[in-house]
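Chemist: Questions regarding the structure given below will be posed in turn.
The numbers here are math on the coordinates, done by the rules we state, and not lab data. Computed from a prediction, not measured in an experiment: that's the story for all the values here. Backbone-built Cβ (ideal geometry, glycine too); neighbour counts: all protein chains shown.
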Amino acid sequence: MGKVDRLSSLLMIALVLLAAAPFFDVPMQRDQGVYAACGSILLHGGAPYRDCWDTKAPLTHYTYALAQALFGINLAGPVILSAVMAGLTGIVVWQIARGWFGDGIAWGGGLAYSLLLVSIPFDMNAQSEGFANLFIALGVWGILGGAQDRSSRSSDFSRFETTKGSSENKSALSPLPPDLKSGASKLRSYIFTTPKTQPATSMRVVTALGAGAALAIAVLYKYTIALPVIAVTAACVLYARHVTGDMRYAICDPRYAICDPRYAICDPRYATRDMRSAMRDTLYAALGFFALLAVFTLYLLSRGALGFAVEHVTFMLTEFPKVTVNPTLLLFPGESGPPLFYLQRTMQQLARLPAMYALALAGCAFAIWKRRAWAWLLTLWLASALVAVYPQKVMTLYHWTLSLPPLALGVAALAWEVRQRRWAVAAIVVAVAANIGFRFYADQWLISKPYLTGQQTRSEFYASQAIGDEIEVAEYVRDRTTRDDLIWVWGNHSITYYWADRGSPTRFIFNSPLMAAIGENEFQPRWKEEVLAALYENPPTYIVITWYDRTWFDFKNPVDEFAEIPGYQYFLDRYYRREAFIGRFAVHRLTPWWSRLNPPDLLDSVTATDLLAELNRATLTPAPNQPIEARDFKLHDEPAIPTLLMHPEGRAAFNITLPDGVVCFRSDLALDPQSWGWGGDGASFAVAVNGEMVFEQMIGNAETDRFWQPVVIDLSAWAGQTVTLTLSTGPGPNSDFTGDLAGWGLPRVVVSPGESCEAKVVKK
């Protein structure tokens, strides 16, 4: 690539980034949220398919992982990367077209594609189709590279110079001036002995292999992309078939006095349909395609994800096509599917880009009419990209972006056909610019204008796009957990994982695969059981339940669906407590296995020694004139719990035998509510084992201290031993004994069901 080409490429990318930049800081919606969450899982060591389930193939998730690695956790990263890839795709489209239309028109076609892609509404941006377009274009470019190099720059026979001659004797050259006859003979010999114009065979092989690998990468973004991949590959073979001339019949151009193979041109009367080179390149491309898939398969096998991948592909091919779309979300009330829904979706798309479709279809028609060698490549590419939309049921706007490269090429083809009429070319440029400009205005500017002009705050803008509460709940969870903690979001708001930077205990991070209306199948019942088993094995610190939501594949609100799945509601009610309600989301926190908030039978099941039950056998040293006794403490609106009342300075020593395993002391500390208004500076609590202090904490008498303060202490160092466990209390920091009615709520020695006293586990 020369200096001019490099500058032209940089200019294209710069223009695309400039056009997209105002809309970088805009919300991501459901689909992008799934990609971002899966990308984060992969970035932190997860494996595709095994650790994250999505309807898409995994390269979309790897692309989002790359965006997170480059830009961190933010909205702009995936959109910036998408814009850059749009610019790169535009460059490849330009390179494909420059041999057909010349640099000017070809470059304009590439720019048109790039701007079209970034003009799409921000909730439809950074999608699989846009990423895959780059690799489809690279595949087409690679397969065509050899064919274009083996022919003249023009791939259109109508542009070749022709001479008169006998068509009956095909072994004879056309009549030439006498001074050129001997030159023609020498030229023929030269071509057979020194094919300097032919690209090196090794380079052709590498190019074809790379083209096949690029097409495989495109399919690994989304399975439906296989249709245009197959179509463009076949079309490239047809293209090569038409542009591969037989150089045995090369003739000299009389414009050049010296027979120079650089100026040799094919006589279309003698051009042969040599399929050998075309088929050879296609076979190499197929080899590159399957080689990359084989490498990816080996990678999945090494990560233990191959079985999950096979299951996923099987489900997507056999069961997902049966899914019923929620009729309440369709554009026609009461219409649940094709053909009316398809018709309206199609008309909507045509109405969005009327200039592009009209001009591109005219360009394809002209090319077919004039028998351009690239006509069917262009037409099949466009047709297959459009057809690939329909099996996807909902025909979402971004599904149509697969057709943007051939659309741009079709418009460029029309501009080239009318290039002699400058007014016509100018009209095409104006129509395309107006169409793209209006899409930026309608799809981006009108929605984000209040935010970009300062009329809305960021939070107000996000709230208007129904993601404000998503971010709020993610921040709430992140502030109360560590990076190693797990969360689980029930609903279709997977972006919560991304914003919170937290992982999931299960690969199912949104509802659709579990709850889509498919009918009887072997997958969904098994997957629901898999999720429940994962929750028991790795209980998340938080479970977030979406109370209100509607998607294409959900017929009920998630909170209602959740309650209908056997075992799900029971698990939530038994082991979790609702901690907050944020927008559409109920936030439930895992109750520690030793907590007073657990059902009594759960706490009893882990209890080795109830110290209140051993009180009559303990050695008690009460404060003067202050008994040590069991009493119920009731704080606020919580149920009363049995408590060991111990006024400072009191002491209770228990001689007990600790069980084996992970042994812990648990209690909830508080001052008796009846003493809250008496003044005083609080009390201190201490625990000792065999006289060795293992815990000490001060509980004040301020309003902020008037709640149960749970404590768990690891006693595993003495597991299996008989020890003296001493609980003692003291006055506050000012040695003020006023109101120091210190209470040990539910003091017990317990055995952890996990590997530590703080283990996030559930006791079944």
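Chemist: Could you work out how far helix 354-369 tilts from the main Cα principal axis of the chain, as a 0 to 90 degree angle to the nearest 10?
Modeler: 40
Chemist: Kindly flag which residue pairs out of 56/393; 322/528; 634/764 have an alpha-carbon separation exceeding 21 Å in this structure.
Modeler: 634/764
Chemist: Then there is this: Given R₀ = 60 Å, what would the calculated FRET efficiency be for residue 678 paired with residue 453, taking r from the Cβ atoms and rounding to 0.05?
Modeler: 0.55
Chemist: If you place +1 on the Cβ of every Lys and Arg, -1 on the Cβ of every Asp and Glu, and leave all else neutral, what size is the dipole of segment 397-504 about its Cα centre, to the nearest 20 Debye?
Modeler: About 780 debye.
Chemist: In the chain, if the dipole is taken from +1 on Lys/Arg beta carbons and -1 on Asp/Glu beta carbons about the Cα centre, which of 344, 665, 711 is farthest to the positive end?
Modeler: 344
Chemist: Taking the simple approach of a point 7 Å from Cα along Cα-to-Cβ for both residue 736 and residue 520, what is their distance in nm?
Modeler: According to this spin-label approximation, the distance is 7.4 nm.
Chemist: Going by how many other beta carbons lie within 10 Å of each one, how would you line up 141, 744, fewest first?
Modeler: If I rank by nearby Cβ atoms, fewest first, I get 141, 744.
Chemist: Taking a ≥ b ≥ c as the square roots of the Cα gyration tensor eigenvalues, with a/c under 1.5 meaning rounded and otherwise prolate when a/b beats b/c, else oblate, which class fits segment 346-434?
Modeler: It is oblate, given that a/c is not under 1.5 and a/b is not larger than b/c.
Chemist: With a cut-off of 17 Å, note down the residues of segment 286-305 whose backbone N falls inside the zone around a label point 7 Å from the Cα of residue 206 toward its beta carbon.
Modeler: Label zone hits: 288.
Chemist: Residues with amide H under 5 Å of residue 695's amide H, sequence separation 5 or more or different chain, H placed in the peptide plane at 1.01 Å from N; which?
Modeler: So residue 695 has HN proximity to 687.
Chemist: With a cap of 10 neighbouring Cβ atoms within 10 Å, and only residues DSSP puts in a loop, list the trypsin sites (Lys or Arg not before Pro) found in segment 408-483.
Modeler: Passing sites in segment 408-483 are 421, 483.
Chemist: Calculate the dipole size of segment 600-751 relative to its Cα centre from +1 charges on Lys and Arg beta carbons and -1 charges on Asp and Glu beta carbons; express the result in debye to the nearest 20.
Modeler: Once rounded to the nearest 20, the dipole reads 300 debye.
Chemist: Starting with the highest mean, order 503-511, 389-397 by the number of other Cβ atoms within 10 Å, averaged over the residues of each peptide.
Modeler: 503-511, 389-397
Chemist: For the chain, rounded, prolate or oblate, judged on the Cα gyration tensor with a ≥ b ≥ c (square roots of eigenvalues), a/c < 1.5 rounded, else prolate if a/b > b/c?
Modeler: Prolate shape, in that a/c is at least 1.5 and a/b is the bigger ratio.
Chemist: How many angstrom lie between the C-alpha centres of segment 702-764 and segment 78-93?
Modeler: Each part's Cα centre sits 59 Å from the other's.
Chemist: Using r as the Cβ-Cβ distance of residue 445 and residue 482, and R0 as 41 Å, what FRET efficiency do you calculate, to the nearest 0.05?
Modeler: Plugging the Cβ-Cβ distance into 1/(1 + (r/R0)^6) gives 0.50.
Chemist: Please give the peptides 2-15, 219-232, 536-549, 283-296 ranked by average Cβ packing (other Cβ atoms within 10 Å per residue), highest first, as a rough proxy for protection.
Modeler: Per-residue Cβ counts within 10 Å, averaged per peptide and sorted highest first, yield 219-232, 536-549, 283-296, 2-15.
Chemist: Rounded, prolate or oblate: which fits segment 394-459, taking a ≥ b ≥ c as square roots of the Cα gyration tensor eigenvalues, rounded meaning a/c under 1.5, else prolate when a/b beats b/c?
Modeler: In terms of gyration-tensor shape, oblate.
Chemist: Under a plain spin-label model, where a point goes 7 Å from the Cα along Cα-to-Cβ, how far apart in nm are residue 310 and residue 657?
Modeler: My value for the distance between the label points is 5.4 nm.
Chemist: Still on this structure, please answer the following. Work out how much length residue 302 to residue 25 would gain on full extension: take 0.36 nm times their residue separation and subtract the Cα-Cα distance, in nm to one decimal.
Modeler: Contour length minus Cα-Cα distance gives 95.9 nm.
Chemist: Compute the acute angle (0 to 90°) between the alpha-carbon long axis of helix 468-479 and the principal axis of greatest extent of the alpha-carbon atoms of the chain; round to the nearest 10°.
Modeler: Taking the Cα atoms of the chain, the angle to 468-479 is about 50 degrees.
Chemist: Within segment 392-425, what residues put their amide N at less than 19 Å from the label point 7 Å along the Cα-to-Cβ vector of residue 340?
Modeler: 393-395
Chemist: Which whole-Hz couplings ³J(HN,Hα) result when phi for each residue of segment 55-71 is put into the Karplus expression 6.51 cos²θ - 1.76 cosθ + 1.60, θ = phi - 60°, listed in order with x for Gly and Pro?
Modeler: Per-residue couplings from phi come out as 6, 7, 6, x, 5, 4, 5, 5, 5, 5, 4, 4, 4, 5, 5, 7, 10 Hz.
Chemist: Here is a further query. What value, in deg cm²/dmol to 500, does the helix sum -39500 (n - 2.57) over DSSP H runs of n ≥ 4 give at 222 nm once divided by the residues of the chain?
Modeler: Calculated from helices alone, the mean residue ellipticity at 222 nm is -15000 deg cm²/dmol.
Chemist: Among the DSSP beta bridges whose two residues both lie in the chain, what percent are antiparallel, rounded to the nearest 5?
Modeler: DSSP beta bridges in the chain are roughly 95 percent antiparallel.
Chemist: Let me ask another. Which FRET efficiency value, to the nearest 0.05, is calculated for residue 581 and residue 7 with the Förster distance at 56 angstrom and r the Cβ-Cβ distance?
Modeler: 0.50
Chemist: Normalised by the residues of the chain, what does the relative contact order come to in percent, with Cα pairs under 8 Å and at least six apart?
Modeler: 11
Chemist: Same structure, new question: Give me the extension gain from residue 724 to residue 66: residue separation times 0.36 nm, minus the current Cα-Cα distance, reported in nm with one decimal.
Modeler: 231.2 nm
Chemist: Here's a follow-up. Please work out the Cα center distance from segment 482-552 to segment 353-425, rounded to the nearest Å.
Modeler: 41
Chemist: Further, regarding this structure: Taking a label point 7 Å from the Cα of residue 617 along the Cα→Cβ vector, which residues of segment 648-663 have an amide N closer than 14 Å to it?
Modeler: Under cut-off, by backbone N: 653-659.
Chemist: Still on this structure: Using only Cα atoms and rounding to the nearest 10 degrees, what angle (0 to 90) does helix 201-219 make with the longest principal axis of the chain?
Modeler: 40
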